[in-house]
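Structure provided below as structure tokens; questions to follow.
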Amino acid sequence: MTSAVVRIPKQSAVDSRVPAVAGNELNVPLVTGESVGYANLDHGASAPCLDSVRTAVDQLLPWYASVHRGAGFASQVCTRVYEGARDVLRDFVGARRTDSVVFTRNTTDALNLLAGALPRGTSVVVFDTEHHAALLPWTGPRVRRIEAPATPADAVAALDAALAECPEGPRLAVITGASNVTGELWPVAELARVARRRGARTVLDAAQLAPHRPVRIAELDIDYVAISGHKLYAPFGAGALIGRADWLNAADPYLAGGGATRKVNERAVSWNTGEERHEAGSPNTVGVHALAKACETLSVNWVNVVEHEEALLRRLRAGLREVPGLRELCLFDADRERVGVVSFSIDGQDPGLIAAALSAEHGIGVRDGLFCAHLATKRLLSRAGSDAERAVRVSIGLGTTAEHVDRLVNALHELVAEGPAWRYELVDGRWTPSDDPRPLPDFLP
């Protein structure tokens, strides 16, 4: 199998119809001494920064100052930026005007915040196929985990049955928009309908869905949604929990500190209500501004974004089907609609060694492991008939080109047929090139 495709020094043009991201011109060194345009196929972990976001951050930085209580003009500007971002996010997820927008660090932070705000005695139903961010925050005797369903209809029926068995009191159903392992879309509207009929609220983990498809809280009739900026092309440390205000206002503050307080004296503390109740400390104004700008950019480009990713996903899956011994992981079935995430194993190949060789010899970034969804990934590997303990995940996005996809497929053919061309060794459980000659960038010490 020829490897000519992976030696192209400059990558083919990114689709000009979609928003541009930082890193499109990035070249990375190979162990052979050559360099190649970086093929970032790990968007599902962290997406690159949108150019529009970088510009927005640069515009804000000279004005950066404290928010809410600063008398200076720059503080007033930053306060307007920070508070204005709440309306942008409400629009982005199609929220109700009365929904709270609480800024967090990421989806994990948002879901842990909600877990701490649940009324006493709340029953929680969650599928064990969830990412750990949505699986682990819920604790106690009233938490029920549902095993991985075989079909969307099975998922709906299983949630219905689980909620019917919950004791009296508040109930919450935890739903994923798109699997971070397989990319498959979950039947969110149908699950929300069942939850509503059973008197339960719903929270949607939209970390993998929101960068690829519009989310509409009111239309889906869900109660809360959690998103992460680093998945949404705004990697500046901000996320959000968006949803109904009553549980949040009744709960103890997520963090105790300045900003969450209304009044403090020697005898007592009075806490704010509203979003500030759970946003103690100096907020990440720059991250919030970046997140809002990313949401605005995606909102006006959805048609092109979806078309771009669907075309590349078809190309990717068609190419992977031709790789000998490759087993794609699927939760429901191969024809289920999905976002640009594909995980797989290859018979007789170590996933970690595949990922290391793709990087060192071909300039391709993928992820290997269990993807912070250990229960789901292990079960899906078994379903696929694989004896591997881990998998490889390829995830595409706005910076992905057809050349990236073709380079990956060619490289996999080469690795299966001939094995890695370089020597590798295990270091702290990870495969790494022996005597790695690749120079680090100059900005690193």
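The values are calculated or read from the model by the stated rules, or taken from the named source; none is laboratory data. Nothing here was measured: the structure is a model prediction, and the numbers come from that model. Glycine also receives a Cβ, built like all others from the backbone with ideal geometry; neighbour counts cover every protein chain displayed.
Checking V93 against (1) under 17 Å from the mean Cα position of the chain (by Cα); (2) over 30 Å from L312 (Cβ atoms), which test does it fail?
(2)
For (1) aromatic (F, W, Y); (2) more than 21 Å from the chain's Cα centre (by Cα); (3) within 16 Å of A210 (Cα to Cα); (4) loosely packed, with under 15 Cβ neighbours inside 10 Å, each residue gets a yes or a no:
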| site | (1), (2), (3), (4) |
| --- | --- |
| A115 | no, no, no, no |
| T122 | no, yes, no, no |
| H131 | no, no, yes, no |
| A161 | no, yes, no, yes |
| A178 | no, no, yes, no |
| T182 | no, no, yes, no |
| V188 | no, no, yes, no |
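Return the pair list, or none, for Cβ contacts closer than 8 Å from residues in segment 51-77 that are within 15 Å of P283 (Cα to Cα) to residues that are of a type in the set (D, E) and modelled with pLDDT under 95, at least 6 apart or on different chains.
These pairs meet every condition: H68/E276.
If you don't mind, there's one more thing I want to ask. Regarding segment 297-308, can at least one residue be identified that is within 20 Å of the chain's Cα centre (by Cα) and under 17 Å from A45 (Cβ atoms)?
Scanning segment 297-308, I find no residue that is within 20 Å of the chain's Cα centre (by Cα) and under 17 Å from A45 (Cβ atoms), so the answer is no.
Quick grid of which residues meet (1) under 18 Å from S46 (Cα atoms); (2) loosely packed, with under 14 Cβ neighbours inside 10 Å; (3) acidic (D, E):
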| position | (1), (2), (3) |
| --- | --- |
| V342 | yes, no, no |
| D350 | no, no, yes |
| D368 | yes, no, yes |
| A376 | no, no, no |
| W431 | no, no, no |
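Could you list, in sequence order, the residues of segment 242-277 that are under 30 Å from T55 (Cβ atoms) and at pLDDT 95 or above?
I242
Here are the criteria: (1) at pLDDT 95 or above; (2) in a loop (DSSP other than H, G, I, E, B). Tell me which single one T2 does not satisfy.
If we test T2 against (1) at pLDDT 95 or above; (2) in a loop (DSSP other than H, G, I, E, B), just (1) comes out false.
Just to be sure I understand, how many residues within segment 262-283 are within 19 Å of A245 (Cβ to Cβ), touching a residue at least 12 places away in the same chain (Cβ under 8 Å) and out of contact with any helix residue (DSSP H, G or I) (no Cβ under 8 Å at 6 or more places or on another chain)? Step through it out loud before you land on a result.
Narrowing segment 262-283 to residues within 19 Å of A245 (Cβ to Cβ): 262, 270-280, 283.
The next check asks that each one be touching a residue at least 12 places away in the same chain (Cβ under 8 Å); those that pass are 271-280, 283.
Then keep just the ones that are out of contact with any helix residue (DSSP H, G or I) (no Cβ under 8 Å at 6 or more places or on another chain); that gives 272, 276, 279-280.
Going through segment 262-283 one residue at a time, the tally reaches 4.
Go over the candidates A173, A218 one by one and state the one that is over 24 Å from H43 (Cβ atoms), aliphatic (A, V, I, L, M) and at pLDDT below 95.
Within the list A173, A218, the selection yields A218.
Find the residue count for segment 99-117, including only residues that are outside any strand (DSSP E or B) and either aliphatic (A, V, I, L, M) or over 30 Å from V288 (Cβ atoms) (or both).
6
Next question, about the same structure. Scan the helices (runs of 4 or more DSSP H) fully inside segment 118-221 and keep the ones with 2 or more residues being in contact with a helix residue (DSSP H, G or I) (Cβ under 7 Å, 6 or more places away or on another chain) and over 30 Å from V18 (Cα atoms). Before the answer, list the steps.
Numbers: elements: 132-135, 152-164, 188-197, 217-220.
The helices (runs of 4 or more DSSP H) meeting that bar are 152-164, 188-197.
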